[in-house]
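Encoded as structure tokens, the structure appears first; notes follow it.
The values are calculated or read from the model by the stated rules, or taken from the named source; none is laboratory data. Predicted, not measured: the structure shown is a model, and the values here were computed from it. Cβ placement follows ideal geometry from the backbone for every residue including glycine, while neighbour counts extend to all protein chains displayed. Ligands, DNA and RNA are excluded from the accessible area calculation, which covers all protein heavy atoms including side chains. Shrake-Rupley method; radii C 1.70, N 1.55, O 1.52, S 1.80 Å.
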Amino acid sequence: MEIINKVANSALKTIDLERLYPSGKRVLFDIKNWLFEELILKEKDFRAAVEAHDWTQYQDNFVAVTCTADAIIPSWAMMLVTSKLVPFTKKVVIGDLTILETAIFQEIIANLPVEEFKEKPVIVKGCSEKPVPDAAFSFLIERLQPIAKSILFGEACSSVPIYKSKK
């Protein structure tokens with residue numbers, strides 16, 4: 001008797017967000033060391049530190065700009081740091097590494113070609129060794145739900161139904 005792989009022969013399409021995870025170092029850039037006593041931003045000193053910094057070290061990195069000190073930071077300071085990073089990095093956000101990963105995946109999923117999933121059952125793989133943010137799954141549902149026949153989560157052998165088209 002021949003063993004038939006029904007999953008391989010089905011119309012079921014699989015999306016593994018881990019495979020979309022872009023390579024590149026993730027860096028948390030903390031400006032607290034550029035503050036006077038890690039508390040006060042002195043514009044002249046801050047601008048001097050920004051100008052003296054070697055921004056080339058962030059070439060092709062993904063960077064989250066933050067301040068871990070309990071200080072009030074004006075928006076222009078974060079914008080200034082971002083403006084220096086933009087020519088070198090793949091992506092810059094103001095926030096923590098979770099916000100960075102969320103922004104990376106939001107952009108990837110927004111640009112994901114979804115035509116192959118039109119009117120097909122889709123399974124979204126759930127397990128990942130890479131840090132795929134939970135928000136990526138909602139971005140994916142937002143893109144797929146208007147076109148997919150159904151959306152499942154998990155593995156083909158043990159999936160959880162998420163959405164089924166009423167068409």
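For segment 103-121, how many residues are more than 28 Å from Arg26 (Cβ to Cβ) and of a type in the set (A, V, I, L, M)? Lay out the reasoning, then the answer.
Here is the first cut: in segment 103-121, the residues more than 28 Å from Arg26 (Cβ to Cβ) are 115-121.
Within this subset, residues satisfying the condition of being of a type in the set (A, V, I, L, M) are none.
Residues flagged as more than 28 Å from Arg26 (Cβ to Cβ) and of a type in the set (A, V, I, L, M) within segment 103-121 amount to 0.
Residues being open to solvent by less than 70 Å² (accessible area, probe 1.4 Å), out of contact with any helix residue (DSSP H, G or I) (no Cβ under 7 Å at 6 or more places or on another chain) and under 30 Å from Lys32 (Cβ atoms): count how many of those fall in segment 98-144.
4
In segment 16-40, which residues are modelled with pLDDT under 95, over 30 Å from Ile141 (Cβ atoms) and part of a loop (DSSP other than H, G, I, E, B)?
Glu37, Glu38, Leu39
For Ser150, all conditions in the list (1) in contact (Cβ under 8 Å) with a residue 40 or more places away in the chain; (2) of a type outside the set (Val, Ile, Thr); (3) touching a strand residue (DSSP E or B) at 6+ places or on another chain (Cβ under 8 Å) hold save one; what is the number of the exception?
(1)
Restricting attention to segment 66-93, and to residues there that are of a type in the set (S, T, N, Q), touching an Asp or Glu at 6+ places or on another chain (Cβ under 8 Å) and open to solvent by less than 80 Å² (accessible area, probe 1.4 Å), which single residue is nearest to Ile104 (Cα to Cα)?
Thr89
Inspect segment 89-99 for any residue being in a loop (DSSP other than H, G, I, E, B) and in contact with a Ser or Thr (Cβ under 8 Å, 6 or more places away or on another chain) and give the result as yes or no.
yes
Residues of segment 7-23 being within 16 Å of Asn61 (Cβ to Cβ) and surrounded by 15 or more Cβ atoms within 10 Å (Cβ to Cβ), which ones?
Residue satisfying the conditions is Tyr21 alone.
Got at least one residue in segment 152-161 being open to solvent by less than 80 Å² (accessible area, probe 1.4 Å), assigned to a helix (DSSP H, G or I) and not β-branched (Val, Ile, Thr)?
no
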